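**Student:** Sharing a structure here in structure tokens format.
The values are calculated or read from the model by the stated rules, or taken from the named source; none is laboratory data. Since this is a predicted model, take the numbers as computed values, not measurements. Backbone-built Cβ (ideal geometry, glycine too); neighbour counts: all protein chains shown. The protein model used for the area step is the full one, side chains on, heavy atoms only, and it has no ligands, DNA or RNA in it. Shrake-Rupley method; radii C 1.70, N 1.55, O 1.52, S 1.80 Å.
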Amino acid sequence: MKIMTCPINGERPISEFYYWGAIKTPPNPDICSDEEWSDYVFNKNGAPGIKKEFWCHSPSNTWFVAERDTLTDTILKTYLYDGGAK
Amino acid sequence: MPWRLLRFGLSKKHPEPRMFDAPDALKPSYDVVIIGGGGHGLACAYYLARDFGITNVCVLEKGYIGGGNTGRNTTIIRSNYLTPEGAQFYDKSLELWQDLSTEFDLNLFYSNRGHFTLAHTDAAMRTSRWRAEVNKHYGIDSEVVGPEFVKKHAPMINLQCGHHPIMGALYHAPGSVARHDAVAWGYGRGANMRGVEIHQRTEVLGIDTKGGKVCGVKTSKGYIETTKVLSATAGSTPRILKMLDIDTPIFIHPLQAMVSEPLKPWLDTILVSGSLHIYISQSSRGELVMGASLDPYEVHSTRSTLDFPEGLSAQMLDMFPFLSEVKVMRQWAGMADMTPDFAPIMGKTRIDGFYLDAGWGTYGFKATPVSGKTMAYTIANDKPHELITAFSSERFKNYELTGEKGAASVGH
Ligand SMILES: Cc1cc2nc3c(=O)[nH]c(=O)nc-3n(C[C@H](O)[C@H](O)[C@H](O)COP(=O)(O)OP(=O)(O)OC[C@H]3O[C@@H](n4cnc5c(N)ncnc54)[C@H](O)[C@@H]3O)c2cc1C
């Protein structure tokens with residue numbers, strides 16, 4: 001069974017987690033065009049690579065970030081989201 | 001073993017012609033370059049040559065013919081989709097399937113079984129009625145049936161289905177299965193006979209453009225000049241699009257399937273349960289061909305997991321408890337190219353001369369003939385065929401998504 005590390009609960013079977021997708025930064029909805037917004041909502045870099053993704057440990061509802069290689073399905077790092085601080 | 005085979009084994013000559021010839025080298029230029037030797041790419045090459053007389057065409061396949069999703073799918077063919085654009089498109093495909101074996105002079109083992117989408121909840125019954133009405137409106141054979149009818153056609157079924165009693169089903173009499181690799185070979189041979197070159201083990205590494213127009217293709221076997229390129233690469237589509245810096249909503253999740261050991265024939269229909277997320281049919285060899293929903297997260301490989309047969313078997317035993325002693329023979333996966341609205345992305349792109357046939361996810365095998373035909377039209381005329389205008393990539397920009405999820409979400 002594949003194991004993922006929850007930043008709060010430690011190593012757990014992957015079936016306890018769900019995947020939310022790569023983290024994207026929205027444009028400012030007040031000033032962006034409809035087209036920029038649709039680009040944000042729908043389009044993505046669908047090619048394989050190392051991606052930062054939102055995951056959730058569902059029994060504890062812990063949301064966190066995973067850095068994962070989507071070609072080899074290797075989980076490189078998991079940590080709590082820092083709110084997008086630079 | 002047939003005697004013919006033994007004779008070939010003993011002789012050094014192989015008088016039996018190959019399905020298609022294997023040219024040594026690429027020509028310096030082609031009128032059309034098709035990336036991907038799956039059913040879709042080969043069908044497009046076939047119709048380009050047959051219907052439009054465009055024969056200076058090459059199909060480039062990085063592995064072997066049909067080694068992608070074409071040879072990994074569970075071969076369900078049906079047209080009982082939910083949206084008018086979907087239903088009409090897939091129904092045209094169903095029509096084309098009918099005489100393909102004759103046209104190719106190759107037995108595709110096209111086998112008409114009847115297709116049930118089982119409903120275990122009121123909501124599922126409601127969707128069944130909705131689909132039946134849309135289908136009937138377009139002349140598609142589709143009706144809502146009760147549990148007795150299901151039992152009559154699949155006597156081994158447990159209508160109680162664990163905690164999910166079957167309330168009825170959407171029944172689609174034309175539902176069929178076919179032999180997938182024969183479809184790729186049939187189109188490949190037909191295209192090749194008309195002059196199309198098929199290059200296996202030839203990978204596309206880059207696409208060159210000049211002033212927003214396609215001008216050439218870099219491959220592992222050299223450079224080709226061309227002004228028209230089609231990508232029909234299913235699970236590898238985002239990698240091809242990356243070469244051109246095109247972002248689309250396409251995302252890749254694996255879709256898995258498995259077969260049991262061969263059994264005597266006992267199931268001659270195709271059964272799908274949206275609530276249990278499983279489907280099953282019995283192949284002409286007697287194996288039970290079984291599938292479920294997509295894997296839950298993005299992965300770009302064809303790895304299998306143990307979770308899959310475990311989960312699928314648990315649900316299957318609710319429906320057919322007598323299968324508990326039956327062994328699983330093989331499991332595998334394909335990379336499904338999914339879109340947010342469960343409809344393909346077909347047609348022209350913002351780069352002149354670059355055409356896309358993708359987003360076929362879990363449901364594109366049945367569309368092989370019609371997508372080949374409509375993409376050939378689109379490439380020959382540089383104008384989308386009327387059956388595919390609703391599937392253009394522009395629909396996302398214009399917030400005009402199709403609503404096909406209800407009819408396509410369990411992978412087949
Ligand atoms: C498990 C499973 C079950 C399914 N069940 C059904 C079903 O029951 N009914 C149904 O209708 N559909 C089903 N599907 C979906 C269906 O299989 C696909 O949508 C369809 O086969 C896609 O065909 P294709 O020709 O576009 O792609 P493919 O057959 O995948 O062909 C694409 C080809 O492109 C090649 N390629 C990729 N990159 C490059 C490159 N850079 N250079 C050269 N070549 C390249 C690949 O090697 C591949 O051979 C299922 C899919 C899976 C995975």
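**Student:** Considering each of B:134, B:150, B:196 in turn, give the residue that is among the β-branched types (Val, Ile, Thr) and modelled with pLDDT under 95. Reasoning before the result, please.
**Tutor:** Values: B:150 fails: modelled with pLDDT under 95; B:196 fails: modelled with pLDDT under 95.
Checking each option against the conditions leaves just B:134.
**Student:** With the structure loaded, tell me whether residue B:74 is touching a strand residue (DSSP E or B) at 6+ places or on another chain (Cβ under 7 Å) and within 26 Å of residue B:110 (Cβ to Cβ) or whether it fails that test. Let's see the steps before the verdict.
**Tutor:** Numbers: touching a strand residue (DSSP E or B) at 6+ places or on another chain (Cβ under 7 Å): yes; within 26 Å of residue B:110 (Cβ to Cβ): yes.
So residue B:74 passes the test.
**Student:** While we're looking at this one, here's another question. Looking at segment A:25-35, can you tell me whether even one residue there is touching a residue at least 12 places away in the same chain (Cβ under 8 Å), more than 9 Å from chain B (Cβ to nearest Cβ) and over 25 Å from residue B:247 (Cα atoms)?
**Tutor:** Taking segment A:25-35 as the starting set, the residues that turn out to be touching a residue at least 12 places away in the same chain (Cβ under 8 Å) are A:25-27.
The next check asks that each one be more than 9 Å from chain B (Cβ to nearest Cβ); those that pass are A:25-27.
Next cut, over 25 Å from residue B:247 (Cα atoms) only: none.
Checked against the condition, which is being touching a residue at least 12 places away in the same chain (Cβ under 8 Å), more than 9 Å from chain B (Cβ to nearest Cβ) and over 25 Å from residue B:247 (Cα atoms), segment A:25-35 yields no hits at all.
**Student:** Here's another thing I want to ask about it. Has segment B:265-288 got at least one residue that is more than 30 Å from residue B:127 (Cα to Cα), in the same structural domain as residue B:162 (by TED's automatic domain parsing) and more than 23 Å from the chain's Cα centre (by Cα)? Please lay out each step first, then the result.
**Tutor:** If we filter segment B:265-288 for residues that are more than 30 Å from residue B:127 (Cα to Cα), which is where we start, we get B:265, B:284-287.
In the following step, the residues that additionally are in the same structural domain as residue B:162 (by TED's automatic domain parsing) were identified as B:265, B:284-287.
Right, trim to more than 23 Å from the chain's Cα centre (by Cα) and you get B:265.
Scanning segment B:265-288, I find at least one residue that is more than 30 Å from residue B:127 (Cα to Cα), in the same structural domain as residue B:162 (by TED's automatic domain parsing) and more than 23 Å from the chain's Cα centre (by Cα), so the answer is yes.
**Student:** OK, next. Looking at B:46, B:138, B:64, B:110 in this structure, which one is under 23 Å from residue B:347 (Cα atoms) and either open to solvent by 10 Å² or more (accessible area, probe 1.4 Å) or outside the structural domain of residue B:167 (by TED's automatic domain parsing) (or both)? I'd like the intermediate steps shown before the answer.
**Tutor:** Working: B:138 fails: under 23 Å from residue B:347 (Cα atoms); B:64 fails: under 23 Å from residue B:347 (Cα atoms); B:110 fails: under 23 Å from residue B:347 (Cα atoms).
After applying the criteria, what remains is B:46.
**Student:** Among the candidates A:70, A:62, A:78, which residue alone is in contact with a strand residue (DSSP E or B) (Cβ under 8 Å, 6 or more places away or on another chain), farther than 19 Å from residue B:305 by Cβ, open to solvent by less than 30 Å² (accessible area, probe 1.4 Å) and polar (S, T, N, Q)?
**Tutor:** Numbers: A:70 fails: farther than 19 Å from residue B:305 by Cβ; A:78 fails: open to solvent by less than 30 Å² (accessible area, probe 1.4 Å).
Result of the check over A:70, A:62, A:78: A:62.
**Student:** Can you pull out the residues in segment A:46-73 that are on the phi > 0 side of the Ramachandran plot and away from every other protein chain (no Cβ under 13 Å)?
**Tutor:** Hit for segment A:46-73 is A:61, nothing else.
**Student:** Look through segment B:31-67, keep the residues that are more than 18 Å from the chain's Cα centre (by Cα) and in a helix (DSSP H, G or I), and return whichever of them is nearest to the ligand (Cβ to nearest atom).
**Tutor:** Step by step, filter segment B:31-67, then rank; the result is B:48.
**Student:** Here's something else I'd like to know. From the list B:403, B:359, B:347, B:372, which one is more than 12 Å from the ligand (Cβ to nearest atom), small (Gly, Ala, Ser), open to solvent by less than 10 Å² (accessible area, probe 1.4 Å) and in the same structural domain as residue B:212 (by TED's automatic domain parsing)? Don't jump to the end; show me each part of the working.
**Tutor:** On the way: B:403 fails: open to solvent by less than 10 Å² (accessible area, probe 1.4 Å); B:359 fails: more than 12 Å from the ligand (Cβ to nearest atom); B:372 fails: more than 12 Å from the ligand (Cβ to nearest atom).
One residue alone meets the criteria, B:347.
**Student:** If you don't mind, there's one more thing I want to ask. Just a yes or no: is a residue in segment B:220-228 within 11 Å of the ligand (Cβ to nearest atom) and buried (at least 20 other Cβ atoms within 10 Å of the Cβ)? If you could, list the steps in order and put the result at the bottom.
**Tutor:** So the first thing to find is which residues in segment B:220-228 are within 11 Å of the ligand (Cβ to nearest atom), and the list is B:220-221.
When the remaining residues are screened for being buried (at least 20 other Cβ atoms within 10 Å of the Cβ), the result is none.
So far as segment B:220-228 goes, no, none of its residues is within 11 Å of the ligand (Cβ to nearest atom) and buried (at least 20 other Cβ atoms within 10 Å of the Cβ).
**Student:** Any idea which of (1) within 12 Å of chain B (Cβ to nearest Cβ); (2) open to solvent by 40 Å² or more (accessible area, probe 1.4 Å) is the one residue A:38 doesn't satisfy?
**Tutor:** So residue A:38 meets the others, but not (2).
**Student:** Here is a follow-up. Can you confirm whether residue B:70 is near the ligand (Cβ under 9 Å from one of its atoms) and of a type in the set (Ser, Thr, Tyr)? It would help to see each step written out before you state the result.
**Tutor:** Working: near the ligand (Cβ under 9 Å from one of its atoms): yes; of a type in the set (Ser, Thr, Tyr): yes.
The answer is yes for residue B:70.
**Student:** Just give me the residues in segment B:250-290 being of a type in the set (S, T, N, Q) and open to solvent by less than 10 Å² (accessible area, probe 1.4 Å), in sequence order. Lay out the reasoning, then the answer.
**Tutor:** Quick first cut of segment B:250-290, residues of a type in the set (S, T, N, Q) only: B:256, B:260, B:269, B:273, B:275, B:281-284.
Hits for segment B:250-290 are B:256, B:260, B:269, B:273, B:281, B:282.
**Student:** When you check residue B:243 against the structure, is it closer than 26 Å to residue B:396 by Cβ and not basic (Lys, Arg), yes or no?
**Tutor:** Numbers: closer than 26 Å to residue B:396 by Cβ: yes; not basic (Lys, Arg): yes.
For residue B:243, the condition - closer than 26 Å to residue B:396 by Cβ and not basic (Lys, Arg) - is met.
**Student:** Of all the helices (runs of 4 or more DSSP H) wholly in segment B:74-151, which have at least 2 residues that are more than 21 Å from residue B:373 (Cβ to Cβ) and among the charged types (D, E, K, R)? Steps first, answer last, please.
**Tutor:** Values: elements: B:84-98, B:100-104, B:122-137.
Output list reads B:122-137.
**Student:** Can I ask one more? So for segment B:237-249 (the condition being within 13 Å of chain A (Cβ to nearest Cβ), open to solvent by less than 10 Å² (accessible area, probe 1.4 Å) and touching a Pro at 6+ places or on another chain (Cβ under 6 Å)), does at least one residue qualify?
**Tutor:** Taking every residue of segment B:237-249 in turn, at least one turns out to be within 13 Å of chain A (Cβ to nearest Cβ), open to solvent by less than 10 Å² (accessible area, probe 1.4 Å) and touching a Pro at 6+ places or on another chain (Cβ under 6 Å).
One line per residue, one yes/no per condition, for (1) free of Cβ contacts under 8 Å to residues at least 60 places away in the same chain; (2) under 23 Å from residue B:368 (Cα atoms):
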| residue | (1), (2) |
| --- | --- |
| B:2 | yes, no |
| B:8 | yes, no |
| B:13 | yes, no |
| B:28 | no, no |
| B:32 | no, yes |
| B:41 | no, yes |
| B:51 | no, yes |
| B:61 | no, yes |
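**Student:** Now a separate question. Show the residue pairs meeting these rules: Cβ distance below 8 Å; 6+ apart or different chains; first residue within segment A:1-21 and more than 10 Å from chain B (Cβ to nearest Cβ) and charged (D, E, K, R); second residue open to solvent by 40 Å² or more (accessible area, probe 1.4 Å) and not in a loop (DSSP other than H, G, I, E, B).
**Tutor:** Pairs that qualify, where the first residue is more than 10 Å from chain B (Cβ to nearest Cβ) and charged (D, E, K, R) and the partner is open to solvent by 40 Å² or more (accessible area, probe 1.4 Å) and not in a loop (DSSP other than H, G, I, E, B), are A:11/A:3; A:11/A:5; A:12/A:3; A:12/A:5.
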